[in-house]
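These notes concern the structure reproduced below.
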Amino acid sequence: MCSHFIMEAASLKPKTAMEKSKVPRAKSGEEAETARLPLRGWALELARRWNAGTYSTFILHGNVFDLFPVQDDREINYVALKAFLTRRLFPEREFLLFYDIGDGLSFGTPEMQKRFFEWLAIYDQVEHSSFAQQGPPRDFNKLAPLLRRFFLRISEEKNWKGVTLVFDFPEKIVPAADEAGAHWDERMALVTLLKWAASSEMRRLDVGIVLITESAAELHADLLQNPHIAQVKIDLPDTEERLRFLESDAVRSLGNGKAIKEWSDFSAGELAPRTAGLNLLRIQHLLAEAARNEQRVSAEHVAAGKKRLIEEFCQGLVRFKDPKPGVTLDRVATHTAAI
């Protein structure tokens, strides 16, 4: 699959749908100063595996509800994952489609939606249907054949730049289940996704499928074990990423434009390691709670808030306890080391 995708460094240019994967030379001087942030971690892994052309279906899982940095000129904004995919990873795709069972099919831009419904009107004339008036089906098993026809027809255009279809909450369509207990609709959806993943035609048409789920274990095992499907885990932000967020305008806006040191007992550099284990969205909630209640961000506030947020995320699987005076880890019994 020769895909139109932004490569790993901010200074790299996207390739067109008909080009091979190439790494352009980095920019220099003033041009490099205004370049976009380079991709890191999961985004870099996704870019490399996508551009390898061996997969057309990807599972993004893990920290999917976090905030992600997008650089506009010299300013860094933090956006949700769908906006990050739209603005940073797939800004030049011909079509960027989103689907979930709640909202049905949606589009990356109004222009994409307009072009889709123009094609849908032609489809209605041929098939004597009324999708252009009623909207495309919300049921995935009814929508899938329609999308396949759309992919085949629209890819005939000149200067084709490919399609990316992003599934939100795919575990609600193809949940982890025993074969005997799976509903017929779930089996149909599973077979459709497996056939799309294995299809050389989908790769030829430059159609990419991205399934976004917080827990890969909630997806059907046939998807996770299929060799045609790549899995990419979004990890929690590291210290460098947390520091960049704490120094950003997103955090300064919580303090009415003031640097974090003015309304916190810690500088950004001191707070970054203290927030280990939290994603950026939970850090934002932690700081906003103090700022909006006109309280300073103290050691007690950080410790109590971090404890509460981690316990909420783990849903009772983790519980923090304050040790008694004089009790240390030396009192913990462990097994003898294996030799």
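Tally up the residues in segment 78-90 that are surrounded by 16 or more Cβ atoms within 10 Å (Cβ to Cβ) and either of a type outside the set (A, V, I, L, M, F, W, C) or assigned to a helix (DSSP H, G or I) (or both), please.
Matching residues across segment 78-90 total 9.
Report whether or not Lys161 is within 23 Å of Gln113 (Cβ to Cβ), open to solvent by 50 Å² or more (accessible area, probe 1.4 Å) and touching a residue at least 24 places away in the same chain (Cβ under 8 Å).
yes
Condition first: under 21 Å from the mean Cα position of the chain (by Cα), of a type in the set (D, E, K, R) and modelled with pLDDT of 90 or more. Can you find one or more residues in segment 145-159 that meet it?
Among the residues of segment 145-159, not one is under 21 Å from the mean Cα position of the chain (by Cα), of a type in the set (D, E, K, R) and modelled with pLDDT of 90 or more, which makes the answer no.
Pick from segment 266-286 the residues that are within 28 Å of the chain's Cα centre (by Cα) and either of a type in the set (Lys, Arg) or more than 15 Å from Asp66 (Cβ to Cβ) (or both): which of them is surrounded by the fewest Cβ atoms within 10 Å (Cβ to Cβ)?
If we take residues in segment 266-286 being within 28 Å of the chain's Cα centre (by Cα) and either of a type in the set (Lys, Arg) or more than 15 Å from Asp66 (Cβ to Cβ) (or both), then Pro273 is surrounded by the fewest Cβ atoms within 10 Å (Cβ to Cβ).
Look through Glu171, Glu201, Glu186 and report the one residue that is modelled with pLDDT under 95, part of a helix (DSSP H, G or I) and closer than 18 Å to Asp100 by Cβ.
Glu186
Kindly indicate whether any position in segment 129-136 is touching a residue at least 40 places away in the same chain (Cβ under 8 Å) and either of a type in the set (Gly, Ala, Ser) or open to solvent by 40 Å² or more (accessible area, probe 1.4 Å) (or both).
The answer is no, given that none of the residues of segment 129-136 is touching a residue at least 40 places away in the same chain (Cβ under 8 Å) and either of a type in the set (Gly, Ala, Ser) or open to solvent by 40 Å² or more (accessible area, probe 1.4 Å) (or both).
For segment 228-253, enumerate the residues that are farther than 14 Å from Thr275 by Cβ and among the charged types (D, E, K, R).
Hits for segment 228-253 are Lys233, Asp235, Asp249, Arg252.
Each row is one residue, and each column tells you yes or no for (1) in contact with a helix residue (DSSP H, G or I) (Cβ under 8 Å, 6 or more places away or on another chain); (2) surrounded by 15 or more Cβ atoms within 10 Å (Cβ to Cβ); (3) among the hydroxyl-bearing types (Ser, Thr, Tyr); (4) at pLDDT below 90.
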site: Lys22; (1), (2), (3), (4): no, no, no, yes
site: Ser28; (1), (2), (3), (4): no, no, yes, yes
site: Arg36; (1), (2), (3), (4): yes, yes, no, yes
site: Ala43; (1), (2), (3), (4): yes, yes, no, no
site: Arg49; (1), (2), (3), (4): no, yes, no, no
site: His61; (1), (2), (3), (4): yes, yes, no, no
site: Val64; (1), (2), (3), (4): yes, yes, no, no
site: Leu67; (1), (2), (3), (4): yes, yes, no, no
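Sort out which residues of segment 221-265 are assigned to a loop (DSSP other than H, G, I, E, B), in contact with a helix residue (DSSP H, G or I) (Cβ under 7 Å, 6 or more places away or on another chain) and open to solvent by 20 Å² or more (accessible area, probe 1.4 Å), and write them in order of number.
Asn226, His228, Asp235, Glu247, Lys258, Ala259, Trp263, Asp265
The values are calculated or read from the model by the stated rules, or taken from the named source; none is laboratory data. Model, not experiment: these values are computed from the prediction. Note that we place each Cβ from the backbone using ideal geometry, even for glycine, and neighbour counts take in every protein chain shown. Just the protein is used for accessible areas: all its heavy atoms, side chains included, with ligands, DNA and RNA removed. Shrake-Rupley method; radii C 1.70, N 1.55, O 1.52, S 1.80 Å.
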